[in-house]
Amino acid sequence: MRTPDKAALGVALQPELRPEQEAGGGAGHRAGQRSGALRGLGAQRRTGRYVGLRSRGLACAVSLVALATGLLAGAAQGVAYAADVAPSVYAPISPQRMSDAMKVLGSDAFEGRAPGSAGEARTVAWLIAQYKQIGLEPGGENGGWTQRVPLQHTRVGKATRLQVAYATDTLPLEQVKDVYFTTARGADHLEIQNAPLVFVGYGVHAPERGWDDFKGVDLKGKIAVFLINDPDFDAKPGEPVAGKFGGRAMTYYGRWTYKYEEATRRGAIGALIVHDTPGAAYGWSTVIAPGGEAFDFEQSGQNQSLLMQGWISTPAATQVFAKAGLDLPALRVQARQASFQPVTLPHAAFSLAVPVEVTHLESQNVLGKLTGSKRPDETVMFGAHWDAFGMSKDAQGHEVIRHGAIDDGSGVAGVLEIARAFKAGPKPERTVMFASWTAEERGLLGSGWYAAHPLAPLEKTAANFTMDVLQMAGPSRTAYMVGAGQDTVQDDVVAAAERQGRVMLPEAMSERGAFYRADHLPFARAGVPVVALMDMAGYPDLLKGGVPAGRKWLQDYMVCYHQACDAWSLDWDVRGAAEDVALLYNVGRTLAFSQAWPQWKPGSEFAAVRAQSAAVRGGH
């Protein structure tokens, strides 16, 4: 799952969950415990959002032939499980094969699987070998197994000028302390001279909700200043905006990515988002953690990102506004009104000059498929991201590998198991695509590139199923639906969980916007109904130890999140992950043998996009 937001999600899970999420008893409660509220999850109307480094020479000496069979030394060693859940619950998914795959992907030989690295080459070769061994057909470009994803990496240096000038005064700003900015442009120098600053409130244009913060304001050549989250995030009871965007649960309009996109669409040269921890769901330390670097697609011509994009701290923003004679706290309140008008900061001009280091690299999505026997132009897709964070220095200056065994080796292992299950059965009537995406951790770039350059028509893609971080603590009475209530295929997953004897719960902290932070999002934005399975979305109610044991597993995992210790362990109980993978397989299999078209729920921000292509699906 994408950084920095996922780290914040884990922090958010530290408080106590809601009472219904703490429910659970002994193993005997697994099949019988159902509350009306939980059963009604799928039917809700969508109203908003519901280690030390091994010698590199030794590591690289590992045979890729051995890796291609999924067997590093000891990988086939079996794990003895207690007989507390029938294997039929997760059949035909094999926990052992999933464990073997994660051991390979999380091994030192793969060097943390960073895009553009030697670790990528090994990862892609291993994935292709697995796809071939399973018996898939190539699903990539030009009859091959891969899709080229051209990437650009930038890192800003030390600014020689960073300030806001007023009629009679100049306010110097400091990168990291006051603001944090990056650029995705390919130039080796970034310069902005005396650009006007325009406060656009929450910067939301949502005609389906009767909301427009821009009111036709001209942003060309200017810096747009935004508030984070949705207009109703801080609304008090009784305010007209309360609940208009789902209350505390975030919509896509609340995401920082949406703010940047809207600024780009309207011709701004830069965007600054006023940071506050509740609205962003993470602190300032998370904002500045990337150290000035950014990844994006290679850019040219009209398809250019903002010249400058970033955040400004609340104290710095308050001072910037005050020196222009404006009261930021009062403007925050005004921004919660539909009548809000953008405000140009009087006599304020933003300037920036900074060197930029630019590098270009090419990465690969890996794609296999089974062509449909009756409707090959219709697709059901399963996906996970193969990339992790590669190699880096720890606090003591030692080189370490951030293995990414669970994030997202677990999701890739799930995709491979689902592919095996499909191949072992009758040929699906619809085409089934199996995707391993690159550069998720750099901003959903691999899946985003595919959504912009699809190899199967998205208007005839029935659903996308994404797996990102599956739990390794054993069978659970519960699973969590990220973005509950968005579409009807989620309802199918709720029903399938009940058939497993499990309860599907909404994510624990919907205001964190986890639905907008993984590889299903580019497909949702293109109108494809989606299901995202992320076991970081709440504490699992484990058969062994209940919610307390689930809390301990997740909190322990968060210590290792994006760190070297996200590594394979013989102590894992992969059956819980296998249950979740089987859940998506069963729903996806039904779709692959049907003529049904899942639908977005009324009120979803993605419904209108899908509706535009309804004619090609016979009006669905």
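None of the figures in this text is laboratory data; all of them are computed from the coordinates on show. A quick note: this is a predicted structure, and the numbers were derived from the prediction, not measured. Cβ atoms come from the backbone with ideal geometry, glycine included; neighbour counts cover every protein chain shown.
With the simple spin-label model, which puts each label point 7 Å out from Cα in the Cβ direction, the ARG148 to GLN555 separation comes to 5.0 nm. Packing order of peptides 140-146, 599-605, highest average first: 599-605, 140-146 (average count of other Cβ atoms within 10 Å over each peptide's residues). Multiplying the residue separation of LYS158 and THR170 by 0.36 nm and subtracting their alpha-carbon distance yields 2.4 nm.
A P(r) calculated from all alpha carbon pairs of the chain, with 10 Å bins opening at zero, reads 3, 17, 27, 27, 18, 7, 1, 0 percent.
Cut-off is 10 Å between beta-carbons; in what order do MET509, MET467 appear when sorted fewest neighbours first? Provide the component values of the computation, followed by the final result.
Numbers: MET509 22, MET467 29.
Neighbour counts put them in this order, fewest first: MET509, MET467.
Within segment 333-364, list the residues whose amide N lies under 14 Å from a label point set 7 Å along Cα→Cβ of VAL217. Counting only backbone N, you get 333-348. Under the rule of -39500 (n - 2.57) per DSSP H run of 4 or more residues, summed and divided by the residues of the chain, what mean residue ellipticity at 222 nm is obtained, to the nearest 500 deg cm²/dmol? Value at 222 nm, helices only, nearest 500: -7500 deg cm²/dmol.
Each of TRP311, TRP437 was scored by other Cβ atoms within 10 Å of its Cβ. Arranged with the fewest first, they read TRP311, TRP437.
Compute the relative contact order of segment 383-465 as a whole-number percentage, counting only Cα pairs closer than 8 Å that sit 6 or more residues apart in sequence.
34 percent
A simple packing score, the average count of other Cβ atoms within 10 Å per residue, orders the peptides 100-106, 84-90 as 100-106, 84-90, with the highest score first.
Label point of SER88 set 7 angstrom out along Cα-Cβ; within segment 492-507, amide nitrogens under 20 Å from it belong to 495-503.
Among MET433, MET558, sorting on how many other beta-carbon atoms sit within 10 Å of each Cβ, with the fewest leading, yields MET558, MET433. A straight line joining the Cα centroids of segment 498-515 and segment 537-579 runs 16 Å. Potential lengthening of the chain between GLN595 and HIS189 amounts to 140.8 nm, from the contour at 0.36 nm per residue minus the alpha-carbon distance.
Could you order peptides 287-296, 537-546, 194-203 by the average number of other Cβ atoms within 10 Å of their residues, highest first? Could you put the intermediate results ahead of the total?
Working: 287-296: 17.3, 537-546: 24.5, 194-203: 22.5.
Ranked from most to least packed, the peptides come out as 537-546, 194-203, 287-296.
If the segment from GLN304 to GLU357 were pulled out straight at 0.36 nm per residue, it would be longer than the present Cα-Cα gap by 17.3 nm.
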